[in-house]
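The values are calculated or read from the model by the stated rules, or taken from the named source; none is laboratory data. The model shown is predicted, which means the values in this text are computed figures rather than measured ones. Positions of Cβ are generated from backbone atoms using ideal geometry, with glycine treated the same way; all protein chains shown enter the neighbour counts.
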Amino acid sequence: MDVLYFAWVRERIGLPRERVESTAATVAELVEELRGREERYEMAFSDLSALRVAVDQELTDFDAPLQGAREVAFFPPMTGG
Amino acid sequence: MRVLVQEAPFDLAEETARFAKGEGGSGAIVTFTGVVRDNDAGTLSAMEIEHYPGMTEKALREIAQQAVTRFELQDALVIHRYGRLVPGEQIMMVATAARHRRHAFEAAEFLMDYLKSRAPFWKREITAEGEAWVAAKDEDEAALERW
């Protein structure tokens, strides 16, 4: 699947998007996999309450299933308007 | 219903005029425009707005469609910019057309409350001292409870 990062999440991880091969069943499991990779991921995902997630461009929760997901995006709370 | 996500400026008068002559049957048209505000110290040189292409348009269309249904609007318009903007520039506008003014006003507020915390935009302030992401406010999230 494609994993996308925005705003300070993108800055901490150092890239806007990447292809990730994962068997994670939920967003939370994917986060755990990413956190185990390198310190920059650990830093970006250290406080999940400061993060929001979208699966296939729909806002959802960290316990959302990933089956069939093509695109997962992580970002801070939005500041539109 | 029209939703535009663009880097370029928009012409408020032209957009409002076009929206206003859209349909008969609307007794009330409300427009709201958001403008880049300088900080209290007057040192903001620019505001950079990042967004999530694809999801932004989708989220805005969903929010606008909810407003149309809930407030029985004849029409709704949302324009939101991204990229680098300077203080005084227009960031975004919404317009609502309803048979009666109460629905038009309420729908504009509904759109604004949802745009603030449910549309994937992130603001970054650039000042002489440095750059910082704008943090979401608890009160913006709380504003959604009203609806």
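Total residues in region B:12-55 satisfying the condition of being loosely packed, with under 13 Cβ neighbours inside 10 Å, acidic (D, E) and within 26 Å of B:H100 (Cα to Cα): the figure is 2.
Restricting A:V20, A:V53 to residues that are among the β-branched types (V, I, T), surrounded by 13 or more Cβ atoms within 10 Å (Cβ to Cβ) and more than 14 Å from chain B (Cβ to nearest Cβ) narrows the list to A:V20. Considering (1) small (G, A, S); (2) more than 25 Å from B:E62 (Cα to Cα); (3) in contact with a His (Cβ under 9 Å, 6 or more places away or on another chain), the lone condition that A:S46 does not fulfil carries the number (3).
Yes or no: region B:54-73 includes at least one residue that is in a strand (DSSP E or B), under 25 Å from B:W133 (Cβ atoms) and either among the hydroxyl-bearing types (S, T, Y) or touching a Phe, Trp or Tyr at 6+ places or on another chain (Cβ under 8 Å) (or both). Looking through region B:54-73, none of the residues is in a strand (DSSP E or B), under 25 Å from B:W133 (Cβ atoms) and either among the hydroxyl-bearing types (S, T, Y) or touching a Phe, Trp or Tyr at 6+ places or on another chain (Cβ under 8 Å) (or both). Please work out which one of (1) closer than 22 Å to A:L59 by Cα; (2) surrounded by 15 or more Cβ atoms within 10 Å (Cβ to Cβ) is the condition B:W147 fails and give its number. Here B:W147 meets the rest and fails (2). For region B:33-53, filtered to residues that are part of a strand (DSSP E or B) and either farther than 22 Å from B:D11 by Cα or touching a Pro at 6+ places or on another chain (Cβ under 7 Å) (or both), the residue that is nearest to the other protein chains (Cβ to nearest Cβ) is B:H51. Filtered by the rule that a residue be surrounded by fewer than 15 Cβ atoms within 10 Å (Cβ to Cβ) and at pLDDT below 95, region A:56-81 gives A:Q67, A:G68. Among the residues making up region B:75-122, those that are among the polar types (S, T, N, Q) and not in a helix (DSSP H, G or I) are B:Q90, B:T96.
Picking from residues in region B:87-108 that are in contact with a Leu (Cβ under 8 Å, 6 or more places away or on another chain) and within 24 Å of B:E7 (Cα to Cα), the one that is surrounded by the most Cβ atoms within 10 Å (Cβ to Cβ) is B:T96. Considering region B:99-145, and only residues there that are away from chain A (no Cβ under 14 Å) and within 18 Å of the chain's Cα centre (by Cα), the residue that is farthest from B:D40 (Cα to Cα) turns out to be B:H103. Of the residues examined, A:L30 is one that is out of contact with any Asp or Glu (no Cβ under 9 Å at 6 or more places or on another chain), surrounded by 14 or more Cβ atoms within 10 Å (Cβ to Cβ) and outside any strand (DSSP E or B).
Of all residues in region A:43-61, those that are hydroxyl-bearing (S, T, Y) have Cβ atoms under 8 Å from Cβ atoms of residues that are buried (at least 19 other Cβ atoms within 10 Å of the Cβ) and in a strand (DSSP E or B), 6 or more apart or on another chain, in A:T60/A:V53; A:T60/A:A54. The single condition among (1) outside any strand (DSSP E or B); (2) under 12 Å from the mean Cα position of the chain (by Cα); (3) β-branched (V, I, T) that A:T79 does not satisfy is (2).
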